[in-house]
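Engineer: Structure in structure tokens, see below.
Read-outs throughout are calculated quantities, based only on the coordinates presented, and are distinct from any laboratory measurement. Everything numeric here is computed off the predicted structure, so don't read it as measured data. With ideal geometry, Cβ positions are generated from the backbone for all residues, glycine too; neighbour counts draw on all protein chains shown.
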Amino acid sequence: MKPALGLLFLVFHVLVAAQTTYKLPPELSEISGLEKLNDSTLIAINDSGNEPLIYLLNFRGEILRKMQVSNATNIDWEALAIDEKFVYIGDLGNNLNARKNLCVYRINRSDLITATEISAEKMSISFREQEAFPPNENARYFDAEAMTFFEGQLWIFTKNNTKPFDGISYLYCFQFEPNTQKVLKKTTEIKLNKRSYWKDAITSASTIENKIVLTTYNRMIQLDFPKEGIRMKNLYFYPHIQQVEASVALGKNQYLLSNESNRYLGPAKFIQLTLP
């Protein structure tokens with residue numbers, strides 16, 4: 001499925017949500033990706049400069065086990081995605097828009113259950129629309145922290161680093177092809193408000209049944225897919241700006257958000273939300 005280029009904007013404000021907070025262990029202070037493996041277990045990763053480790057957690061953020069991806073390097077792991085057979089790791093962090101070695105790793109879900117060391121297949125990617133490394137500041141659309149598996153494809157939503165900030169995220173939809181170098185063509189654009197990077201830069205994407213939920217530092221945004229294109233609505237505004245780096249649905253109207261450690265916002269933590 002490739003969405004039409006047109007976008008519809010609907011706004012729905014959720015004013016009240018029940019919250020439970022869990023402090024994460026220091027080992028996960030730079031948590032950047034989160035997925036649900038089963039009804040009791042989460043998958044998590046850290047971002048740049050950390051070991052190429054995959055963590056299994058319970059819903060309170062306690063580490064159950066961890067395993068190393070033996071043939072991978074964590075340059076800047078920023079996103080996780082999952083389907084029935086595989087887990088995908090997006091090495092997509094690119095704050096300066098200067099990287100030429102972006103890639104996605106794929107591992108078998110079954111390996112996460114028993115193995116202590118696992119191997120991955122690799123797909124190297126680049127973006128057709130990027131012509132300079134880095135491009136001018138007003139064209140820096142090629143950082144990415146949000147990836148999800150939806151309708152049989154991987155979907156990457158880029159994180160806007162433009163100056164001035166224009167609120168545009170590029171969307172790339174593609175099939176994973178191991179051991180290849182693939183140039184991805186932009187599928188469409190998502191146009192958020194031109195507020196600021198600290199409010200509307202996209203930090204994660206998760207699939208929930210027939211919709212996608214995006215997070216920014218300011219809010220959660222639900223994407224629906226009617227025939228005429230993409231319909232976007234605000235699902236939840238945080239009480240204050242937070243460094244939310246990943247999210248996952250635990251059940252109906254229940255979400256788990258992860259915050260990186262931040263000297264202003266405190267240690268890394270899970271925030272479990274129950275929306276009305």
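Engineer: As an exercise, use a Förster radius of 25 Å and the Cβ-Cβ distance of ASN136 and LYS233 to find the FRET efficiency, rounded to the nearest 0.05.
Structural biologist: 0.15
Engineer: Using bins 5 angstrom wide from zero, how does P(r) for the chain break down, in % of all Cα pairs?
Structural biologist: 1, 6, 13, 19, 20, 18, 13, 7, 2, 0
Engineer: Here's something else I'd like to know. Run the paramagnetic zone check for GLN243: 7 angstrom along Cα to Cβ, then residues of the stretch 45-63 with backbone nitrogen under 18 Å.
Structural biologist: 45-51
Engineer: Which trypsin sites (Lys or Arg not before Pro) in the stretch 108-162 sit in a loop by DSSP (not H, G, I, E or B) and have at most 16 other Cβ atoms within 10 Å of their own Cβ?
Structural biologist: ARG109, ARG128
Engineer: Of the beta bridges DSSP finds with both residues in the chain, what % are antiparallel, to the nearest 5?
Structural biologist: If I count the DSSP bridges inside the chain, around 90 percent turn out antiparallel.
Engineer: When Lys and Arg each count +1 and Asp and Glu each count -1, what net charge do the other residues less than 13 Å away from SER119, Cβ to Cβ, add up to?
Structural biologist: My count for the surroundings of SER119 gives -1.
Engineer: By what distance, in whole Å, do the Cα atoms of the stretch 116-228 stretch along each of the three principal axes, largest value first?
Structural biologist: 41, 37, 36
Engineer: Moving to a separate point now. How many lysine pairs does the stretch 198-270 hold where the Cα atoms are under 24 Å apart and the two sit 8 or more places apart or on different chains?
Structural biologist: Eligible lysine pairs with Cα atoms under 24 Å apart amount to 8.
Engineer: Say we join alpha carbon atoms closer than 10 Å with springs in a Gaussian network model of the chain; which of ILE168, ILE113, ILE31 then has the biggest fluctuation?
Structural biologist: In the Gaussian network model the winner is ILE113.
Engineer: Report the residue, chosen from ALA17, ALA201, ALA79, that carries the largest GNM mean-square fluctuation when the chain is represented by alpha-carbon nodes joined by springs under 10 Å.
Structural biologist: ALA17
Engineer: Run the helix sum for the chain: -39,500 (n - 2.57) per DSSP H stretch of 4+ residues, divided by residue count, reported at 222 nm to the nearest 500 deg cm²/dmol.
Structural biologist: Dividing the helical sum by the residues of the chain leaves -500 deg cm²/dmol.
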